[in-house]
């Protein structure tokens, strides 16, 4: 699992660090999968090869984790997702739609909302509608009203992702870092 953490961008590493210990591997597995899929489908790659690689992921994630090939660290990390494999398959479809389809980011962002709902279920069903609303605001599928939804502690990584996405890329790195710390520690 530590090898996967090392491959994540700083924001995802920080977000995962605020997850409860019981669900942290699930968050890391999700972040690593999204990064792997995005790398597979990055601009400049042959669309046919992208579709073949994404089809491999779709096929693996569509079957029971007991049937997954051994030796692939990311698949091993995703094993606990067995009951929520449909959310992971939707992410593969969303990445494909984003890079080689015609639907743009909407399908990928809808899959991200589904991933957050799955993570909430893994956390004991924490948050429900508030999690979905926060995820829709994080992805830009829904404009954010004045107040942030109150999310349970188990969904603190989503609080961080949403808060930083709504603040945009502007501002000094130091202020963004302080904002990330505040969101992670206080949840607002």
Using the alpha-carbon atoms, what tilt in degrees (0 to 90, nearest 10) does helix 156-167 show relative to the longest principal axis of the chain? 80
Cα axis of helix 105-122 to longest principal axis of the chain: angle in degrees, 0 to 90, nearest 10? 80
Can you put 164, 178, 33 in order, fewest other beta carbons within 10 Å first? 178, 164, 33
Given Cα pairs under 8 Å that are at least 6 residues apart, what percent is the relative contact order of region 2-186? 20
How much space per residue, in cubic angstrom, does the convex hull of the C-alpha atoms of the chain take up? 124
With each run of n ≥ 4 DSSP H residues scored as -39500 (n - 2.57), what mean residue ellipticity at 222 nm is computed for the chain after dividing by its residue count and rounding to the nearest 500 deg cm²/dmol? -20500 deg cm²/dmol
Any idea what angle helix 173-186 forms with the longest principal axis of the chain, computed on alpha-carbon atoms, 0 to 90 degrees, nearest 10? 90
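Bear in mind these aren't lab numbers, they're just calculated from the coordinates by the rules spelled out. Because the structure is a prediction, the values reported are computed rather than measured. Please note: Cβ atoms are built from the backbone with ideal geometry, for glycine as well, and neighbour counts cover all protein chains shown.
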